[in-house]
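Below: the structure, in structure tokens.
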Amino acid sequence: MSIISVNNLTYYYDGCDEAVYENVSFTLDTTWKTGLIGRNGRGKTTLLKLLTGELENGGAVNTKAEFLYFPFDVEDKNMTGSELIGIICPDVQEWEVIRELSYMGTDCDILYRPFSTLSGGEQTRLLLCLLFLRDNAFLLIDEPTNCLDLDAREAIGDYLKAKSGFILVSHDRDLLDKCTDHILSLNRSDTEIINGNYSVWKENFDRKEANELMRDKKLKSEIGILYTSSQNETIIMKLIRQNDLKFEELFVAKPHVFISSKHPLADKEALTLEDLEEYPYLSFEQGDYNSFYFSEEILSTLDRNKNIKVRDRATLFNLAVGLDGYTVSSGVISKELNGENIIGKPLLVDEYMRIGTIVRKDVALSRYGKVYMEALKKYTGGM
């Protein structure tokens, strides 16, 4: 066991005035299976390359371990796997590599074929085996299951679960849950290490984020509009009570699917989740760490075959028209804003959306706030 100590790590991208990392410090144990998470663009791959020394930084990284980055750059792709043993782990015998490959259900014949002829999954398995066999290695593993089929992902997940001493970057949350026992989180303003896998971290984060959002006393809006459902009502109403807010129901709606008027399902009176399986699900990007309690789309936690996240309403509706995508909401839609191209169809699920306003208790609305509230009640009164 040894320690990796990172002190005052600072790094700027060329031409940028804002630091990617500024005086970042943390300590890891080299026996940990650490998942590295952070928002897209937060610099996860950059951090791995700073640790290896590929990128220069303004801090200090102290450890007795040798950092090895995956995917490893094989310069001569005509080399066989057997020849790569001498490059990556020269002190290892071939039989040891064959044993490692067997742990992932991989035939040893890949050792005798040119690296360039191996499939993506075979290249990944071979390189991981060789890197883990190198003496004193601490692996920095960057998206090992990208573009791999389910069987390959499962084999790599099982292999990593049995290993220790690595940092893993992956968008595959199931992989992070299976393989990690610590999480290093690159937050908006700091870094955080927790003892547990991704699900443990996410549960803690959701609870903290929800409380911080509802306690924010600097909110400038007088009136908020949200919905509750069977999935979020308990936590939402609890937070409303705890933060001296008041919820007033406007109407209750059944979930609807928004699709293009020319969508293949447009002629159906109502839709089921099974009807939608082959079409892309469209939702708003609210950050990697957004709690599902505050998701704009109901049923956001369901697994879907195709997911596309967008940042604005115009893009969402353009994709609904151009890609036969869909999103799920209350069924309230304005033709004046969205034209005739988008229509709503009832979704046949046992769920509801209780839509209402939130205001601060014992705080009088301004003149404009009162006018807005009256308009909301007027136009939703018949729903």
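The values are calculated or read from the model by the stated rules, or taken from the named source; none is laboratory data. If you're wondering where the values come from, they're calculated on a predicted model, not measured in any experiment. Glycine gets a Cβ as well: all are built from the backbone with ideal geometry, and neighbour counts include every protein chain shown.
Odds and ends about this structure:
- Cβ separations smaller than 7 Å between residues 6+ apart or across chains give no pair from segment 59-80 residues that are in contact (Cβ under 8 Å) with a residue 40 or more places away in the chain and closer than 23 Å to residue 144 by Cβ to residues that are surrounded by fewer than 16 Cβ atoms within 10 Å (Cβ to Cβ) and basic (Lys, Arg).
- Here segment 237-258 is the region considered, the condition is being in contact with a Ser or Thr (Cβ under 9 Å, 6 or more places away or on another chain) and outside any strand (DSSP E or B), and the residue that is surrounded by the most Cβ atoms within 10 Å (Cβ to Cβ) is 255.
- One residue from 172, 190, 177, 181 being exposed (fewer than 14 other Cβ atoms within 10 Å of the Cβ), at negative phi and not hydrophobic (A, V, I, L, M, F, W, C): 190
- Only a single criterion out of (1) buried (at least 20 other Cβ atoms within 10 Å of the Cβ); (2) under 31 Å from the mean Cα position of the chain (by Cα) is not satisfied by residue 119, namely (1).
- Listing of strands (runs of 3 or more DSSP E) fully contained in segment 157-204 that carry 2 or more residues being under 15 Å from the mean Cα position of the chain (by Cα): 166-169, 182-186
- Set 20, 6: member being surrounded by 13 or more Cβ atoms within 10 Å (Cβ to Cβ), touching a helix residue (DSSP H, G or I) at 6+ places or on another chain (Cβ under 7 Å), farther than 14 Å from residue 166 by Cβ and not small (Gly, Ala, Ser): 20
- Filtered residue count, segment 61-78, keeping only those that are buried (at least 16 other Cβ atoms within 10 Å of the Cβ) and over 18 Å from residue 138 (Cα atoms): 1
- Test: residue in segment 1-19 that is aromatic (Phe, Trp, Tyr), at negative phi and within 23 Å of the chain's Cα centre (by Cα): no
Matching residues to (1) out of contact with any Cys (no Cβ under 7 Å at 6 or more places or on another chain); (2) surrounded by fewer than 14 Cβ atoms within 10 Å (Cβ to Cβ); (3) aliphatic (A, V, I, L, M):
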| site | (1), (2), (3) |
| --- | --- |
| 91 | yes, yes, no |
| 97 | no, no, yes |
| 104 | yes, no, yes |
| 125 | yes, no, no |
| 149 | yes, yes, no |
| 157 | no, no, no |
| 163 | yes, no, no |
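- The set of residues from segment 106-123 being under 19 Å from residue 73 (Cβ atoms) and either in a helix (DSSP H, G or I) or touching a Cys at 6+ places or on another chain (Cβ under 6 Å) (or both) comprises 110, 115, 116, 117, 120, 121, 122, 123.
- Filter result for residue 371 (more than 22 Å from residue 305 (Cβ to Cβ), assigned by TED's automatic domain parsing to the domain that holds residue 254 and not in a helix (DSSP H, G or I)): no
- Positions within segment 64-89 being outside any helix (DSSP H, G or I) and farther than 30 Å from residue 44 by Cα, in sequence order: 78, 79, 80
- Looking at 318, 290, just one residue is at pLDDT below 85, surrounded by 13 or more Cβ atoms within 10 Å (Cβ to Cβ) and closer than 20 Å to residue 207 by Cα, and that residue is 290.
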